[in-house]
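Each remark here refers to the structure printed beneath this line.
Computed from the coordinates by the stated procedures, all read-outs in this text should not be read as laboratory data. Note that the coordinates shown come from a computational prediction; the quantities given were computed from them, not determined experimentally. We place every Cβ from the backbone using ideal geometry, glycine too, and count neighbours over all the protein chains shown.
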Amino acid sequence: MSAIFALVLLGACGKKAEPPKKMAIPVTVAAVVQKTVPVQIRAIGNVEAYSIVGVKSQIGGVLMRVHFKEGQDVSKGALLFTIDPRPYETALKQAEANLAKDNAQLENAREEVRRYAELVKKGYVAQEQFDQIRTNSAALEATANADKAAVENAQLQLKYCYIYSPISGRTGSLISYEGNLIKANADTSMVVINQIQPIYVTFSVPEQHLAEIKRYMAMEKVKVEAVIGKDEAHPLEGVLTFVDNAVDTTTGTIKFKATFANQEKRLWPGLFVNVSVTLTTQPNAVVALTQAIQTGQSGQYAFVIKDDLTAELRPVVVGRTLGAETVVEKGLQAGERVVTDGQLRLIPGSKVDIKNPESARQ
């Protein structure tokens, strides 16, 4: 019995132990594609009103009525405020009365000049007396002209009682309310109006881009896109319209402005946006997802999945990054599959288990 057991044990010891199988590492992959990509410069921009007007009164008086609500859109020429016109109506009537009185005296003086002109020719009156009559007529004519100017000024003052919007835009917080005593040309505006259609987006870029941007602006309109927050699916389109006349020596940047129609009023003064200036396009560019590009001691690389489902470490040379995508100048070809998640567990030759085969094919 012991002999049989020894033979069985000897046979078992003679077999070689099989090495453990390597487990496939789960990864997600994406296909490298070839397509036309825009050549862009990106920056952070700030939205500015196209124009800003602080509305003030040119005359003093009691504010009788406000013809709009705070935050309301108003059109150019819309009536905003009414200052009590009664004191100015009275002043106008008084000026008109003075003009009428002096005009009557002027007509009488002119008639006297005509009569005395005939009399002085016949020698019935002295030349000195005629000169005095003529001087009185000239003085009355000057007085009538001054009265006429006073009437025009009174009419203008009365017109200033009605304050109209100088631009189309949106009103801000109301600073002066009905019943307030308004001072002429006060330091504080009665209301501030921002023109937001169109609207500016101001941004700065490094000075080394200036020559390139100016070159493309000379050829055609340069398109600018603005993205609010993370809403990259709905960018707003505008046109580059302003280049500052000097580089900021402190930061080494230069300021630009783009004009947006802002039809939906999504852009609001003071809002920060992500700006993309599209200069031209690059055809047939090799593009991979940005998250597939890794950085090691020897530079940037990506893991490429071969047909036998093993990983190959491939050094790459990248160009521009366009959000979630990166242009790869060397190292990858269109149609290859690169690992986008799970790279930390990979080494060259590792077996992989693709968790998103549909995305990889797309």
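Could you list the square roots of 5 times each eigenvalue of the Cα gyration tensor of region 86-159, that is, the equivalent ellipsoid semi-axes, sorted largest first and rounded to whole Å?
In descending order, the three semi-axes are 35, 9, 7 Å.
Sequence-distant or interchain residues sharing an amide H contact under 5 Å with ALA285, placed H: which?
LYS35, THR36, VAL37
Could you run the Karplus curve 6.51 cos²θ - 1.76 cosθ + 1.60 with θ = phi - 60° over region 338-343 and give me ³J(HN,Hα) per residue in whole Hz, x for Gly and Pro?
Result, ordered by residue: 10, 7, 10, 8, x, 5 Hz.
What label, among [x] -0.42, -1.02; [y] -0.55, -0.97; [z] -0.73, -1.09, belongs to log10 I(q)/I(0) by the Debye sum over Cα atoms at q = 0.08, 0.13 Å⁻¹ computed from the structure on display?
Working out log10 I(q)/I(0) by the Debye sum over Cα atoms at q = 0.08, 0.13 Å⁻¹ from the coordinates points to [z].
Using a Förster distance of 56 angstrom, determine the FRET efficiency expected from the C-beta separation of ASN180 and VAL247, and round it to 0.05.
After rounding to 0.05, the efficiency reads 0.75.
What is the sum of charges around PRO26, taking Lys and Arg as +1, Asp and Glu as -1, for the other residues whose C-beta is under 13 Å from the C-beta of PRO26?
+1
Report, please, the projected area of region 214-362 averaged over directions, based on the convex hull of its C-alpha atoms, in nm².
Value for region 214-362: 13.1 nm².
Cα axis of helix 127-159 to longest principal axis of the chain: angle in degrees, 0 to 90, nearest 10?
Roughly 30 degrees between the two axes.
In region 241-335, which trypsin sites (Lys or Arg not before Pro) are in a loop and have at most 15 other Cβ atoms within 10 Å, using DSSP for the loop call?
Sparse-neighbourhood loop trypsin sites (Lys or Arg not before Pro): LYS265, LYS306.
Tell me, what ³J(HN,Hα) does each residue in region 235-242 have, in order and in whole Hz, if you take phi through Karplus 6.51 cos²θ - 1.76 cosθ + 1.60 with θ = phi - 60° and put x for Gly and Pro?
x, 9, 9, x, 10, 5, 10, 9
Just want to confirm a number: the relative contact order over region 86-159, from Cα pairs under 8 angstrom separated by 6+ residues, in percent.
Relative CO of region 86-159 lands at 53 percent.
Would you mind pulling out the separation of the Cα centroids of region 194-248 and region 46-95, in Å?
35 Å
Among ILE25, ILE182, ILE133, whose mean-square fluctuation peaks in a Gaussian network model of the chain (Cα, cutoff 10 Å)?
Of ILE25, ILE182, ILE133, the Gaussian network model singles out ILE133 as fluctuating most.
Ranking SER298, SER189, SER204 by Cβ neighbours within 10 Å, fewest first, what do you get?
By the 10 Å Cβ count, ascending: SER298, SER189, SER204.
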